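First the structure, in the form of C-alpha coordinates, and then the observations on it.
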Amino acid sequence: MKIFLDTANLDEIRAGVEQGLVDGVTTNPSLVAKEQCKFKDRVIEICEVVGGPVSAEVTATDTAGMISEAREISGWHQHVVVKIPLIPAGLSAIRVLAQEGIRTNCTLCFSVTQAWLAAKAGATYISPFVGRLDDIGHDGIELVAEIREAYDQHGYMTEVLAASLRHAMHVKQALLVGADVATIPFKVFQQVVKHPLTDKGLSAFLADWEKVKDIV
Ligand code: E4P
(Lines give C-alpha, C1' and ligand atoms only; values in the text may rest on other atoms or scores of the structure.)
Protein backbone atom coordinates (compact mmCIF):
# COMPACT_ATOMS: atom_id res chain seq x y z
CA MET A 1 0.00 0.00 0.00
CA LYS A 2 1.41 3.37 -1.02
CA ILE A 3 1.58 6.22 1.49
CA PHE A 4 0.42 9.70 0.51
CA LEU A 5 0.57 12.59 2.97
CA ASP A 6 -2.74 14.42 3.30
CA THR A 7 -1.44 17.95 3.80
CA ALA A 8 -0.40 21.13 2.02
CA ASN A 9 2.24 21.92 4.66
CA LEU A 10 5.71 21.93 3.10
CA ASP A 11 7.61 21.23 6.33
CA GLU A 12 5.52 18.11 6.94
CA ILE A 13 5.98 16.98 3.35
CA ARG A 14 9.77 17.54 3.47
CA ALA A 15 10.01 15.58 6.75
CA GLY A 16 7.96 12.69 5.33
CA VAL A 17 9.90 12.59 2.08
CA GLU A 18 13.23 12.61 3.98
CA GLN A 19 12.17 9.38 5.67
CA GLY A 20 11.90 7.84 2.21
CA LEU A 21 8.44 6.36 2.72
CA VAL A 22 6.15 8.94 1.15
CA ASP A 23 4.91 8.12 -2.35
CA GLY A 24 2.69 11.15 -2.97
CA VAL A 25 0.55 13.93 -1.51
CA THR A 26 -3.14 14.82 -1.49
CA THR A 27 -4.44 18.31 -0.91
CA ASN A 28 -7.90 19.82 -0.87
CA PRO A 29 -9.12 23.44 -0.68
CA SER A 30 -9.48 23.21 3.13
CA LEU A 31 -5.88 22.01 3.56
CA VAL A 32 -4.60 24.77 1.26
CA ALA A 33 -6.66 27.38 3.16
CA LYS A 34 -4.95 26.34 6.41
CA GLU A 35 -1.58 27.26 4.86
CA GLN A 36 -2.64 30.72 3.63
CA CYS A 37 -0.57 30.39 0.45
CA LYS A 38 -1.04 30.85 -3.29
CA PHE A 39 -2.55 27.60 -4.57
CA LYS A 40 -0.56 27.31 -7.81
CA ASP A 41 2.78 28.14 -6.16
CA ARG A 42 2.19 25.65 -3.35
CA VAL A 43 1.18 22.82 -5.70
CA ILE A 44 4.34 23.34 -7.74
CA GLU A 45 6.48 23.50 -4.57
CA ILE A 46 4.96 20.24 -3.31
CA CYS A 47 5.53 18.58 -6.69
CA GLU A 48 9.18 19.56 -6.58
CA VAL A 49 9.63 17.98 -3.14
CA VAL A 50 7.68 14.79 -3.80
CA GLY A 51 8.74 12.35 -6.49
CA GLY A 52 5.18 11.12 -7.03
CA PRO A 53 1.54 12.03 -7.58
CA VAL A 54 0.23 15.26 -6.02
CA SER A 55 -3.54 15.74 -6.01
CA ALA A 56 -4.80 19.29 -6.56
CA GLU A 57 -8.53 19.97 -6.63
CA VAL A 58 -10.67 21.92 -9.08
CA THR A 59 -13.23 24.36 -7.71
CA ALA A 60 -15.58 24.63 -10.69
CA THR A 61 -18.77 22.58 -10.37
CA ASP A 62 -19.80 22.36 -14.03
CA THR A 63 -18.24 19.98 -16.54
CA ALA A 64 -16.77 22.59 -18.87
CA GLY A 65 -15.33 24.56 -15.95
CA MET A 66 -13.78 21.46 -14.37
CA ILE A 67 -12.24 20.38 -17.68
CA SER A 68 -10.78 23.80 -18.28
CA GLU A 69 -9.36 24.03 -14.72
CA ALA A 70 -8.03 20.48 -14.92
CA ARG A 71 -6.21 21.18 -18.18
CA GLU A 72 -4.58 24.21 -16.58
CA ILE A 73 -3.68 22.57 -13.24
CA SER A 74 -2.29 19.44 -14.91
CA GLY A 75 0.07 21.65 -16.90
CA TRP A 76 1.71 23.05 -13.75
CA HIS A 77 3.87 19.97 -13.16
CA GLN A 78 4.14 16.38 -14.40
CA HIS A 79 3.30 15.05 -10.92
CA VAL A 80 -0.10 16.75 -10.71
CA VAL A 81 -3.21 14.57 -10.47
CA VAL A 82 -6.42 16.57 -10.78
CA LYS A 83 -8.98 16.05 -8.03
CA ILE A 84 -12.56 16.08 -9.27
CA PRO A 85 -15.63 15.83 -7.01
CA LEU A 86 -17.88 12.82 -7.43
CA ILE A 87 -20.91 14.61 -8.85
CA PRO A 88 -22.53 13.94 -12.26
CA ALA A 89 -20.71 16.88 -13.87
CA GLY A 90 -17.46 15.58 -12.38
CA LEU A 91 -17.91 12.13 -13.90
CA SER A 92 -18.43 13.68 -17.34
CA ALA A 93 -15.26 15.73 -16.84
CA ILE A 94 -13.29 12.64 -15.78
CA ARG A 95 -14.39 10.82 -18.94
CA VAL A 96 -13.04 13.63 -21.15
CA LEU A 97 -9.84 14.08 -19.12
CA ALA A 98 -9.12 10.33 -19.22
CA GLN A 99 -9.34 10.42 -23.01
CA GLU A 100 -6.80 13.28 -22.97
CA GLY A 101 -4.45 11.30 -20.69
CA ILE A 102 -4.96 13.64 -17.71
CA ARG A 103 -4.83 11.72 -14.42
CA THR A 104 -7.71 12.26 -11.98
CA ASN A 105 -8.48 11.55 -8.34
CA CYS A 106 -12.24 11.30 -7.92
CA THR A 107 -12.92 12.70 -4.47
CA LEU A 108 -15.78 12.78 -1.95
CA CYS A 109 -16.82 9.17 -2.60
CA PHE A 110 -19.31 7.76 -0.08
CA SER A 111 -20.81 4.70 -1.82
CA VAL A 112 -19.70 1.71 -3.83
CA THR A 113 -21.99 2.62 -6.74
CA GLN A 114 -20.38 6.07 -6.89
CA ALA A 115 -16.98 4.34 -6.98
CA TRP A 116 -18.17 2.06 -9.80
CA LEU A 117 -19.23 5.07 -11.89
CA ALA A 118 -15.91 6.82 -11.26
CA ALA A 119 -14.06 3.73 -12.49
CA LYS A 120 -16.31 3.50 -15.56
CA ALA A 121 -15.56 7.16 -16.29
CA GLY A 122 -11.82 6.38 -16.19
CA ALA A 123 -10.67 7.90 -12.88
CA THR A 124 -7.06 7.11 -12.00
CA TYR A 125 -7.88 7.09 -8.25
CA ILE A 126 -11.08 6.84 -6.23
CA SER A 127 -11.09 8.47 -2.79
CA PRO A 128 -13.58 6.94 -0.33
CA PHE A 129 -13.76 9.18 2.77
CA VAL A 130 -13.47 6.80 5.70
CA GLY A 131 -13.49 9.20 8.67
CA ARG A 132 -16.41 11.26 7.41
CA LEU A 133 -18.55 8.11 7.09
CA ASP A 134 -17.55 7.01 10.59
CA ASP A 135 -18.50 10.51 11.80
CA ILE A 136 -22.13 9.90 10.83
CA GLY A 137 -22.32 6.34 12.18
CA HIS A 138 -21.49 4.41 9.00
CA ASP A 139 -18.56 2.02 8.53
CA GLY A 140 -16.01 3.85 6.40
CA ILE A 141 -13.61 0.92 6.10
CA GLU A 142 -16.40 -1.35 4.97
CA LEU A 143 -16.84 0.98 1.98
CA VAL A 144 -13.12 0.65 1.11
CA ALA A 145 -13.46 -3.16 1.30
CA GLU A 146 -16.58 -3.14 -0.91
CA ILE A 147 -14.88 -0.97 -3.54
CA ARG A 148 -11.85 -3.29 -3.52
CA GLU A 149 -14.11 -6.29 -4.04
CA ALA A 150 -16.16 -4.65 -6.79
CA TYR A 151 -13.11 -3.42 -8.68
CA ASP A 152 -11.40 -6.81 -8.47
CA GLN A 153 -14.57 -8.64 -9.53
CA HIS A 154 -15.03 -6.44 -12.61
CA GLY A 155 -11.39 -5.77 -13.45
CA TYR A 156 -11.37 -2.00 -12.97
CA MET A 157 -7.85 -0.56 -12.77
CA THR A 158 -8.78 2.62 -10.83
CA GLU A 159 -6.65 2.70 -7.67
CA VAL A 160 -8.44 2.67 -4.32
CA LEU A 161 -7.12 5.61 -2.29
CA ALA A 162 -8.39 5.43 1.28
CA ALA A 163 -8.93 9.04 2.38
CA SER A 164 -10.14 10.87 5.47
CA LEU A 165 -8.06 8.47 7.60
CA ARG A 166 -7.88 9.97 11.06
CA HIS A 167 -5.88 7.51 13.19
CA ALA A 168 -3.60 4.47 13.16
CA MET A 169 -6.50 1.99 13.31
CA HIS A 170 -7.89 3.41 10.06
CA VAL A 171 -4.49 2.91 8.43
CA LYS A 172 -4.26 -0.68 9.67
CA GLN A 173 -7.76 -1.45 8.39
CA ALA A 174 -7.09 0.17 5.00
CA LEU A 175 -3.98 -2.01 4.68
CA LEU A 176 -5.88 -5.18 5.58
CA VAL A 177 -8.79 -4.61 3.19
CA GLY A 178 -6.43 -4.01 0.27
CA ALA A 179 -6.45 -0.26 -0.39
CA ASP A 180 -3.85 0.65 -3.02
CA VAL A 181 -3.03 3.93 -1.26
CA ALA A 182 -3.60 5.41 2.19
CA THR A 183 -3.51 9.18 2.40
CA ILE A 184 -2.80 10.22 5.96
CA PRO A 185 -2.24 13.38 7.98
CA PHE A 186 1.40 13.90 9.04
CA LYS A 187 0.53 13.29 12.72
CA VAL A 188 -0.89 9.87 11.89
CA PHE A 189 2.15 9.11 9.71
CA GLN A 190 4.33 9.70 12.79
CA GLN A 191 2.06 7.59 14.99
CA VAL A 192 1.99 4.44 12.84
CA VAL A 193 5.73 3.84 13.15
CA LYS A 194 5.64 4.04 16.95
CA HIS A 195 5.30 1.20 19.42
CA PRO A 196 6.15 1.58 23.13
CA LEU A 197 7.56 -1.95 23.25
CA THR A 198 9.97 -1.12 20.41
CA ASP A 199 11.29 1.88 22.36
CA LYS A 200 11.43 -0.06 25.63
CA GLY A 201 13.17 -3.02 23.98
CA LEU A 202 15.73 -0.81 22.25
CA SER A 203 16.57 1.00 25.51
CA ALA A 204 17.13 -2.35 27.24
CA PHE A 205 19.35 -3.64 24.42
CA LEU A 206 21.47 -0.47 24.44
CA ALA A 207 21.77 -0.53 28.25
CA ASP A 208 22.92 -4.16 28.17
CA TRP A 209 25.38 -3.39 25.37
CA GLU A 210 27.00 -0.74 27.60
CA LYS A 211 27.81 -3.55 30.07
CA VAL A 212 29.76 -5.66 27.56
CA LYS A 213 31.02 -3.36 24.81
CA ASP A 214 34.46 -2.83 26.39
CA ILE A 215 35.17 -6.51 27.02
CA VAL A 216 38.07 -7.60 24.79
C1 E4P B 1 -7.98 13.64 0.92
O2 E4P B 1 -7.89 13.47 -0.26
C3 E4P B 1 -9.19 14.17 1.58
O4 E4P B 1 -9.50 15.43 1.09
C5 E4P B 1 -8.98 14.18 3.07
O6 E4P B 1 -8.44 12.93 3.45
C7 E4P B 1 -10.24 14.51 3.87
O8 E4P B 1 -9.99 14.26 5.22
P9 E4P B 1 -10.95 14.83 6.38
O10 E4P B 1 -12.27 14.12 6.27
O11 E4P B 1 -10.23 14.48 7.66
O12 E4P B 1 -11.08 16.29 6.15
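Across segment 89-106, rounded Karplus estimates of 3J(HN,Hα) from the backbone phi angles (6.51 cos²θ - 1.76 cosθ + 1.60, θ = phi - 60°) give 5, x, 5, 5, 5, 4, 4, 5, 5, 4, 5, 8, x, 8, 6, 10, 10, 7 Hz, Gly and Pro being marked x. Amide H contacts of ILE84 (H built 1.01 Å from N, in plane; Pro and chain starts excluded): ASN105, CYS106, THR107 sit under 5 Å, all sequence-distant by 5 or more or on other chains.
Compared with the dominant principal axis of the Cα atoms in the chain, helix 112-121 is inclined by about 70°.
Computed with a 1.4 Å probe over protein heavy atoms only, the accessible surface of segment 1-132 comes to 43 Å² per residue. For LYS194, a cut-off of 17 angstrom between C-alpha atoms picks up these lysines, skipping any fewer than 8 places away in its own chain: LYS172.
Only protein atoms count toward the accessible area here, which uses a 1.4 Å probe; on the chain, the carbon and sulfur part of that area reaches 55 percent.
Ordered by 1.4 Å accessible area with all protein chains kept, ILE67, ILE44 run largest first as ILE44, ILE67.
With q set to 0.17, 0.18 Å⁻¹, the log10 of I(q)/I(0) for the chain, from the Debye formula over equal scatterers at the Cα positions, is -1.16, -1.29. Across the options SER68, ILE44, GLN19, the greatest Cα extent toward the positive end of the charge dipole of segment 1-84 (unit charges at beta carbon of Lys, Arg, Asp, Glu) belongs to SER68. Sorting THR7, THR59 on solvent-accessible area from highest to lowest, probe radius 1.4 Å, gives THR59, THR7. Phi-derived couplings, Karplus 6.51 cos²θ - 1.76 cosθ + 1.60 at θ = phi - 60°, listed residue by residue for segment 166-172: 10, 7, 4, 5, 4, 5, 4 Hz, with x used for Gly and Pro.
Kirkwood Rh over alpha-carbon pairs of segment 70-189, then Stokes-Einstein at 4 °C and 1.567 mPa s: what D in µm² s⁻¹, rounded to an integer? Answer from the Stokes-Einstein relation: 90 µm²/s. Within the same chain, aspartates and glutamates fewer than 8 places from LYS83 are excluded, and of the rest, those with a Cα less than 18 Å from its Cα are ASP6, ASP23, ASP41, GLU45, GLU57, ASP62, GLU69, GLU72, GLU100, GLU159, ASP180. Protein-only accessible surface at a 1.4 angstrom probe places the residues LEU108, LEU161 in the order LEU108, LEU161, largest first.
The values are calculated or read from the model by the stated rules, or taken from the named source; none is laboratory data. Predicted, not measured: the structure shown is a model, and the values here were computed from it. Methodologically, a virtual Cβ is constructed for each residue, glycine included, from the backbone with ideal geometry; neighbour enumeration extends over all protein chains shown. Surface areas here come from the heavy atoms of the whole protein model, side chains and all, with no ligands, DNA or RNA. Shrake-Rupley method; radii C 1.70, N 1.55, O 1.52, S 1.80 Å.
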